[in-house]
1. Ordered by packing density, taken as the mean number of other Cβ atoms within 10 Å over each peptide's residues, highest first, how do 372-380, 213-221 rank?
2. Rg and Dmax of the range 2-193, using alpha carbons, in Å: what are they?
3. Using a basic spin-label model with each label point 7 Å from the Cα along Cα→Cβ, how many nm lie between residue 358 and residue 299?
4. Quick check on the exposure proxy: order 116, 98, 179 from fewest to most C-beta atoms within 10 angstrom.
5. Measuring from label point to label point, each 7 Å out along Cα→Cβ, what is the residue 245 to residue 226 span in nm?
6. Taking 0.36 nm per residue of sequence separation and subtracting the Cα-Cα distance, how much length would be gained by fully extending the chain between residue 391 and residue 281, in nm to one decimal?
7. Using 0.36 nm times the number of residues separating residue 147 and residue 115, minus their current alpha carbon distance, what extension gain do you get?
8. Can you give the percent of C-alpha pairs in the range 1-96 whose distance is more than 15 Å?
């Protein structure tokens, strides 16, 4: 378990490291694309300004100049006559606001620049902003009555692209400002340009995750199969060793004078040897049959069988060997005839009955039911045993698998019974289903088509 946890931790850590590296690379790509975008549109904007100046003979601020000239003249006269500092500051604020509003609302540069971008096939939709850097109001006798100071406003928006700075000068004012543009779809454009790199990065992470999950699942499956193999070898050794030990002890017992002199004891010992030899032979035959089944499919000798009589015989025969179990029957077959291999289907039902009796922690009560349905002929074996957990139910028909609590198996077996049941059912073109709840017993259902 510790080794599994270490592998899982190492795998997750590797994926996180890969994801971090990919995120760092993607961030670098996006930053680079952003810088290239801003550089590209800075150059395109400069080209646009040159085109507008040369072909339209304007910088886009002609209307602004017409409005600022008379306003600045009035403002200069009013400021020269003011003595109250509060009144002067109020007037200065008004002047700044007016200049800002006129620059933003009356300029035509944005319209001309957008038209130029459209002509060149570039993105034409952008926002603009104008930042005042310096403003002086001057009286007609060249006396400054208002000075804004450098760096009056600054932009902190990283997506703003500086197109150019402009200077305006008239009899009553000097103005310096910067003109910025900002694309609302900038991130969308950058993501579109980086789509290939993003997809490849995400795809590589997904591939690594899928490979890791697949490898981890395969590792867990190999470990499970290895545990099943180990359990099978241990169980098989135990199962074979018990009759062998009994036969060995019985054989030595026959050499004792006290046994040799008693015909009854010889007969009892011989009977014990015969019983254990038969059990040993059954175990060996089961293993050989499973081995042969892996190489070649079942060779069934199907016969027309009157199913109710057939099932009655099997159940009655099984009951004679079980004095500790209550086995009930309920058949509703009405003379249904089914093609079955007598030997194999007898083995199938005996295995189900044996499990129903064996896997019980109280007096076993078993119900054998059979009826005909649209799906075929149904045979059910229900018990009041220990039940099977949900996690075990998907594995119980696997070869060598045995449901357990932790690593301790309470009941003997080699994990071949239900595997054999499933193979026999499938050989008859049928299926076997399980319905069980831990601690509340199990229901094994075998469905065989009527016409096989």
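Any read-out appearing in this document is the output of simple, stated calculations on the displayed coordinates, not a laboratory observation. Predicted model only: the values in this text are computed from it and were never measured. Cβ coordinates were reconstructed from backbone atoms using ideal geometry, including for glycine residues, and neighbour counts include every protein chain displayed.
1. Highest mean packing first, the order is 372-380, 213-221.
2. 24.8, 92
3. So the label points at residue 358 and residue 299 sit 2.8 nm apart.
4. By the 10 Å Cβ count, ascending, the order reads 98, 116, 179.
5. For residue 245 paired with residue 226, the spin-label model returns 2.9 nm.
6. Numbers: separation 110, 0.36 × 110 = 39.60 nm, distance 3.37 nm.
Contour length minus Cα-Cα distance gives 36.2 nm.
7. 7.9 nm
8. Value for the range 1-96 (Cα pairs over 15 Å): 80 percent.
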